[in-house]
Each structure stands twice: as structure tokens, then as C-alpha cells.
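To start, the structure itself, in C-alpha cells.
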Amino acid sequence: MSTLRGIRPALLEDWLRVRYFDARIDISSSGVVPYRLSEICSLTGLALEELGHLAFRDSPSLGQERLRQALVDRFAPRSGHAPLVANGSTEAILLAVSALVSAGDEVVVTSATYQSLSSLAESAGAKLIWWELDPGSSTPDLDQLRSLVGPRTRAVIVNFPHNPSGITLTDEEYRELIAIVDNHGAYLLWDAAFGELAYDADPLPDPSTRMERCVTFGTLSKAYGLPGLRVGWCIAPDQLLTEMVRIRDYVTLNTSPLLEEIAARVVENGDAVLRPRFEQARDNRAAVARWLEDNADVVAGFAPHGGVTAFPRFVGVTDTRPLCEFLADTEGVLTVPGDCFGHAERIRLGFGGRDDELRAGLAVLADTARQWGAR
Ligand SMILES: Cc1ncc(COP(=O)(O)O)c(C=O)c1O
């Protein structure tokens, strides 16, 4: 593992950390409405007194067994791979990239991308090769991917449904992507942070049921409404997990047993926790689709088939950062400037939150875009 000294600043985090806590209306987030502990207790049957017996011992390096079993049962029942429980999928991504990628490797990664999926590999000395996803189209270009993957490719790193664009894969495209990566002996790093937020089709299965060299990332931060719990995971081949634990021994050692205990109940009762937030996200998506239609004179984009982010463009605005700053500082409406994802002409919107907040935020956004476009 190379040290992370000199790694690029994480632009999205830099933007959010100074604005997130003051926003009046938040339509920036890639999550859903966060649950309260009391809600989790009633949805999962967890009684707080049960936690009173918990001893704050160290957890096993790969995570608490009950939670690991629940992860396999829910996310990868037919996989020969095993989970590592992590402090958010952020930690799992760091460990997997550190274990897999060395200086000089070629790594193919989507552009735009959630930044840790690219900058960690770059910091390890890899040559990044960008698979450009056109944020104006809901379809990924697999021919382009085919032309980028070759014998020197160590890993292909993707996230579908995609943050920020909302681009998703059909079942056929998913199979094709796996075949392209597998045929070249590369690893597939498959970030399924939004995997269960699929509106028009079933969620795509864990790729480890179809190929050996793959690592899947998951998290309770997004669809499950628990970003502050800081529980994520990866599902990976055994020999890679051993390497990841070797690195983890110098980073976090393990996850908190308290968080793992809560997470185990959540995953065991996954449908009950997911359903209310999924339904809200699905209804909010319809509101975004209507908003795009009603404001087609100032915004251009599509309502995604998966995930909770959209990435529209604003007619006549080439750099949305001043617009986003104005929205945040003057109107109290938090969005994300597209330059955090390499597309200055776009804005990332999160539609997983409260519906009244979303509607109010979108109305301010359209009015402001109209004024700015006319300037
Ligand atoms: C695609 C993607 N992967 C991973 C993460 C990290 O999530 P966490 O560390 O909270 O599990 C995020 C957070 O925004 C994300 O958008």
C-alpha cells in the first residue's frame, strides 16, 4: 500500500463539509432521509435493552459473524466470496484498491465518478484510463469500454446505478460488462452503493456469481438511510481479504461491535428498513421527471432508472459553481456543482430526501436558473 500523502483533495467532500450543516433545503445528497435509532428499533425489533449486554471488545478483523452471515444471505447468497465489514464502504474501497493496485497498473474507471473510485488508484501510481459516461444519455457506451480494456488492465472500477448521472445498466449490459472485464483477466471493482434503488427492473446480482476476480462494495449509508452509522462492506475472494486485513491492521483494525450489532439487525430486516425509503425515492423520482419536463427551457437531463442522483445541465450556464454558491449562500438551497465530478456545466441533485424539501428546492432552482440564464 502506498501512503496517501499527496492524494488529490476530495472535491465533493470539500464542497459539502462547509455547507451541509447550515442548509435550509438539502437537495444535494446521494442518500435518503436518515433514520432515527428509535425508528430502526421499531422496524427491526431491536430492543435498546439488548444493547446493554454488549461488551466493547474488539470485533474480528472481518467483522461480527452474525452481520457477515446476514450480508451473504441478503447480497450474495450464491457467491463463493466472503464479506469484510468496514467503516463505511469508503474504507472497503481504500483497502481493496490498496491491496490490488500497484504503480504502473492500468485502471479503467468511469468518468464522472465518485472520487474515491479514481483518486485512490491514481495515488497508488496507477495510470487511469477514463471510460466516459455521457451524462446526457441514460445508456453507457460498452463499445468504448471494450476498446479501453486490455492485457495491462489491472482493474475496472464502476458504480451502477451511477453517482452522479443516474446511468444504470440493463441486465444484458451488465453481462456484457462482466464478459469484457473477465475476458482480459482484470478485476472488476463493482460499487453497488445504490444497487437496490432500481425503479424499473430488479437489482443486478452480485457479479461474484459470474466471475471470480471481483470485489463488490455495499453500504448502509445510502438506500438504508444510515449514513452516520458508518457501516459498509465489501464481498471479495478469500486471498484478497487476507491482503486487505494485512493493510487494515495499520488503519482501523476493525469495526465497532455496537455499530455491527445494529447493522446486523438492519440487514436481517433489510426489506422493512429499505421499503419506506425506496418508495419515497421512487415517488420523488417522478417529481424530478415532471420538473425536468416543466422546465425544459432552462434544464436538460433525464430522471434516472436507479439511484437517487440526477445530473442535469442548465441552458446557457457553462460553470454552475457560482450558481450553486448563490443557491447555498443566499437561498439556503444545497446542491453540488458539477465541477466536483468534472462536468462544470452540470449540477448534481439528490432526490432521496423529504418530498416537500425536494419540491421547494427544485422550484427555487428553476427560478434561479431562469434568472441566471437570462443574464
Ligand atoms: C458511489 C459511492 N460509493 C461509495 C460511497 C461511500 O459511502 P460510505 O462510505 O458512506 O459507505 C459513496 C458516498 O457518497 C458513493 O456515492
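Quick one: net charge of LEU100's neighbours, Cβ under 10 Å, K/R +1, D/E -1?
On the way: positive: ARG154, ARG213; negative: ASP105, GLU243.
Neighbourhood net charge equals 0.
Sorted from longest to shortest, the spans of the Cα atoms of the stretch 69-114 along the three principal axes equal 36, 21, 21 Å. Comparing GLU39, GLU331, GLU91 in a Gaussian network model of the chain where C-alpha atoms under 10 Å apart are linked, the largest mean-square fluctuation is found at GLU39. If only the Cβ of Lys and Arg carry +1 and only the Cβ of Asp and Glu carry -1, the dipole of the stretch 51-140 around its Cα centre is close to 440 debye. Among the GluC sites (Glu not before Pro) found in the stretch 138-234, those both in a DSSP coil and sparsely packed, with 13 or fewer other Cβ atoms within 10 Å of their Cβ, are GLU212. Once both labels are positioned 7 Å from their Cα atoms along Cα-to-Cβ, the gap between LEU48 and GLU212 label points is 5.0 nm.
Ranked by solvent-accessible area (1.4 Å probe, protein heavy atoms only, all chains present), the residues VAL32, VAL18 order from largest to smallest as VAL18, VAL32. How charged is the neighbourhood of LEU4? Take every other residue with its Cβ under 15 Å from the Cβ of LEU4, and add Lys/Arg as +1 and Asp/Glu as -1. Result for the local shell: 0. In the chain, helical runs assigned H by DSSP with n ≥ 4 each contribute -39500 (n - 2.57); averaged across all residues and rounded to the nearest 500, the mean residue ellipticity at 222 nm is -11500 deg cm²/dmol. With both residues required to sit in the chain, DSSP beta bridges show an antiparallel share near 45%. The longest stretch of the chain left intact once loop-based chymotrypsin sites (Phe, Trp or Tyr not before Pro) with at most 16 other Cβ atoms within 10 Å are removed from consideration, loops following DSSP, is 57-198. For ASP191, the residues whose amide H sits under 5 Å from its own are VAL158, ASN159, PHE160, PHE217, ignoring neighbours fewer than 5 places away on the same chain, with H placed 1.01 Å from N.
Magnitude of the charge dipole for the stretch 1-83, about its Cα centre and with charges confined to Cβ atoms of Lys, Arg (+1) and Asp, Glu (-1), is about 320 debye.
The values are calculated or read from the model by the stated rules, or taken from the named source; none is laboratory data. From a predicted model like this one, the values you see are computed outputs, not experimental measurements. With ideal geometry, Cβ positions are generated from the backbone for all residues, glycine too; neighbour counts draw on all protein chains shown. Remember, those area values only see protein heavy atoms, side chains included, never the ligands or the DNA or RNA. Shrake-Rupley method; radii C 1.70, N 1.55, O 1.52, S 1.80 Å.
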